[in-house]
Amino acid sequence: MSQVVDSSPADVKTWLDEDSAVLIDVREPSELAQTRIPGALHMPLSMFNPDQVPTSETRKLVFLCAHGVRSHQVSQYLLDQGLLKEVYHVVEGIVGWERAGLPVETG
């Protein structure tokens, strides 16, 4: 069985800069209104539809939430359902991203 790959914010930022990853934020709209990562796709977990997850043969799919719990859950679900063979999530979520000093948009 495949496992969710824990990924550091720094690694994910590098992948995004290289255009080798797609970042999918599963936080709710109220959370996104406060802070978000530029360029991330938004797929709130409360309205999550696996059919809308982008597919890519060349780019990693990386999920993000506030602290890493929801992103890990949705990642594991996609693996368990056989919808993806490889999936990543940001350890510590956007909290870890901000702690690492990486760029966010606010307001």
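The values are calculated or read from the model by the stated rules, or taken from the named source; none is laboratory data. On a predicted model such as this, the values are computed, not experimentally measured, just so you know. Neighbour counts run over all protein chains shown; Cβ positions are idealised from the backbone, glycine included. Note: accessible area is taken over every heavy atom of the protein model, side chains too, but ligands, DNA and RNA are not part of it. Shrake-Rupley method; radii C 1.70, N 1.55, O 1.52, S 1.80 Å.
So for the pair MET47, VAL95, with labels modelled 7 Å out along Cα→Cβ, what separation do we get in nm?
Inter-label distance under the simple model: 2.6 nm.
Ignoring everything except DSSP H segments at least 4 long, calculate the 222 nm mean residue ellipticity for the chain; use -39,500 (n - 2.57) per segment, divide by total residues, nearest 500.
Taken over the chain, the calculation gives -9000 deg cm²/dmol.
Counting only the backbone N, which residues of the stretch 28-69 are under 13 Å from the spot 7 Å out from the Cα of GLN81 toward its beta-carbon?
The answer is 45-54.
Arranged from highest to lowest average of other beta-carbon atoms within 10 Å per residue, in what order do the peptides 10-21, 66-77 appear?
66-77, 10-21
Among bridges DSSP assigns within the chain, what percent are antiparallel (round to 5)?
15 percent
Taking the Cβ of CYS65 as the center, what net charge do the other residues with Cβ under 11 Å away carry, scoring Lys and Arg +1 and Asp and Glu -1?
-2
In debye to the nearest 20, how big a dipole does the stretch 1-52 give about its Cα centre with +1 on each Lys and Arg Cβ and -1 on each Asp and Glu Cβ?
140 debye
With +1 on the Cβ of every Lys and Arg and -1 on the Cβ of every Asp and Glu, and nothing else charged, how large is the dipole of the chain about its Cα centre, in debye rounded to the nearest 20?
My answer is approximately 120 debye.
Keeping every protein chain present and rolling a 1.4 Å probe, give me the accessible area per residue for the chain in Å².
For the chain, the per-residue accessible area is 55 Å².
Would you work out what percent of the accessible area of the chain, with all protein chains in place, is carbon or sulfur (probe 1.4 Å)?
Carbon and sulfur atoms account for 49 percent of the accessible area of the chain.
So if we plug the beta-carbon distance of GLN3 and VAL104 into 1/(1 + (r/R0)^6) with R0 = 25 Å, what FRET efficiency do we get, rounded to 0.05?
Using R0 = 25 Å, I get an efficiency of 0.35.
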